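Peer 1: Below: one structure in structure tokens.
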Amino acid sequence: MWQPRIFFWYDVNKTTGTLPEQYEHASIIDVFDDLSASPRSYHFFDSCVRSIWQGGVELKITNDANHIRTEYITPKGKLTQVEGKTSHGQAKIPVEYPVKSVRDFETLAYLLEHEEFLFDREKYDRLDEMLGERTVSSVDVPWLPLQRLTVEYMGLQNSVLALWKHRQQVESLLSAMEDNNNRRFNLLKRTPIVIINFGDNIDQDLISPLMFKKYALPFYQNRTKEFHEAGKICTSHWDGKFHSLLPFIRETGLDALECVAPKPMGDVDLDELRSALGDMVLMDGIPATYFLSYITVDALKQYAIQVLDKFSPHLILGIGDMLPADGEIERVRVVSNIVQDYVPR
């Protein structure tokens, strides 16, 4: 299967009016169909899971041209998060994290405790009918707790300092995140969603081998076990550098790694990745740089065939991490043709 992530490319170019002429009035599904490619379905099904805040929690969200400001107001205090808009409003970067210090932990714990989840089955059925046989249903779930603290709530530096100086309080907060996960995951296990994708953004510079073994590995092992028992497939978003984490991959219980970008974007080569994965599935595998104009189309073709040869049939071919806004969309068609004509060796 060829499943390139082209949503970012489409959204940016649609916003700026720079879509190719044949796609000016096309939906994203029309583009995928024209390119003979399959969409990654969490871009659609994520919206079927909604949060409901209870216990007097109030959210205030304000937008301006450059920022999104979110205030979480609770009986235990207020958290403020500011995100900057980039790529013509189609991406965000953290400007101000909501948790500034351990003093905010109680507020965040209250917020996590009073979040409930609903599944919109009617919307799911509409989307499932629209997508048809193009793909199977999948949803993203939040980062594993330590990654969530780093990426979403506190930033790397403050998270590391908090873990060093206030380990007990940090671990208590991670436990609150797991209680929050329990409610989300118990809901998802009762839905027809096929694939659960942990949106972990794994990178060894964010989570070292020591921290991975202590905080990530037990999480993966426990959560994949319960989802497998519910008949789900488990994947995780490993879009960073993770050479030092290779020995742990097969211990996670995951079925696949998603958005993997080998060298030169990442720090693992295809042979190292093939050895580390064993019978696990590789999702993606072609670095996004191969879709830029300075790389020849012949080089792209050779690389795509190399990935197919090394990983088939344990492969959902895609772009690691995604097609850049200035990527050449016709290169997606080039790979589509290769996949259609490919005969396993």
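The values are calculated or read from the model by the stated rules, or taken from the named source; none is laboratory data. Here the structure is a predicted model, which is why all the values come from computation and not from measurement. Backbone-built Cβ (ideal geometry, glycine too); neighbour counts: all protein chains shown.
Peer 1: Considering only residues that are hydrophobic (A, V, I, L, M, F, W, C) and within 19 Å of Q3 (Cα to Cα), look in region 19-34 and name the one that is surrounded by the most Cβ atoms within 10 Å (Cβ to Cβ).
Peer 2: It comes out as F32.
Peer 1: Follow-up. For I73, state whether it is more than 27 Å from W9 (Cβ to Cβ), part of a strand (DSSP E or B) and either touching a residue at least 60 places away in the same chain (Cβ under 8 Å) or out of contact with any Gly (no Cβ under 6 Å at 6 or more places or on another chain) (or both).
Peer 2: Taking the combined requirement at face value, the residue satisfies it.
Peer 1: Further question on the same structure: Look through Q147, Q169 and report the one residue that is in contact (Cβ under 8 Å) with a residue 24 or more places away in the chain, surrounded by fewer than 22 Cβ atoms within 10 Å (Cβ to Cβ) and not basic (K, R).
Peer 2: Only one candidate passes the filter, namely Q169.
Peer 1: Among the numbered conditions (1) surrounded by fewer than 13 Cβ atoms within 10 Å (Cβ to Cβ); (2) touching a residue at least 40 places away in the same chain (Cβ under 8 Å); (3) closer than 23 Å to T150 by Cβ, tell me where R103 comes up short.
Peer 2: (2)
Peer 1: Between residues in region 246-266 that are closer than 13 Å to D200 by Cβ and residues that are part of a strand (DSSP E or B) and at pLDDT below 95, which pairs lie under 7 Å by C-beta distance while being six or more apart or on different chains?
Peer 2: Correct list of pairs: C259/G320; V260/G320.
Peer 1: Now a separate question. Mind checking which residues of region 35-54 are surrounded by fewer than 18 Cβ atoms within 10 Å (Cβ to Cβ), in contact with a Phe, Trp or Tyr (Cβ under 7 Å, 6 or more places away or on another chain) and either of a type in the set (G, A, S) or modelled with pLDDT under 95 (or both)?
Peer 2: S51
Yes/no matrix, rows are residues, columns are (1) buried (at least 21 other Cβ atoms within 10 Å of the Cβ); (2) touching a residue at least 12 places away in the same chain (Cβ under 8 Å); (3) in the same structural domain as E258 (by TED's automatic domain parsing):
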| site | (1), (2), (3) |
| --- | --- |
| G132 | no, no, yes |
| S137 | no, yes, yes |
| V141 | yes, yes, yes |
| A176 | no, yes, yes |
| R184 | no, yes, yes |
| L187 | no, yes, yes |
| G199 | yes, yes, yes |
| D203 | no, yes, yes |
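Peer 1: Related question: Before we move on, is R69 assigned by TED's automatic domain parsing to the domain that holds A162 and modelled with pLDDT of 95 or more?
Peer 2: Criteria not met by R69.
Peer 1: Output the residue which, of all residues in region 16-47 that are free of Cβ contacts under 8 Å to residues at least 24 places away in the same chain and of a type in the set (S, T, N, Q), is farthest from I329 (Cα to Cα).
Peer 2: Among those that are free of Cβ contacts under 8 Å to residues at least 24 places away in the same chain and of a type in the set (S, T, N, Q), it is S27.
Peer 1: Quick one: how many residues across region 218-252 are under 21 Å from I195 (Cα atoms) and surrounded by 18 or more Cβ atoms within 10 Å (Cβ to Cβ)?
Peer 2: The total comes to 15.
Peer 1: Of the conditions (1) outside any strand (DSSP E or B); (2) at negative phi, G89 clears all except one; give me its number.
Peer 2: Result: G89 passes all but (2).
Peer 1: Among the residues that make up region 48-61, is at least one of them within 25 Å of the chain's Cα centre (by Cα), outside the structural domain of V99 (by TED's automatic domain parsing) and within 28 Å of E330 (Cβ to Cβ)?
Peer 2: No, region 48-61 contains no residue that is within 25 Å of the chain's Cα centre (by Cα), outside the structural domain of V99 (by TED's automatic domain parsing) and within 28 Å of E330 (Cβ to Cβ).
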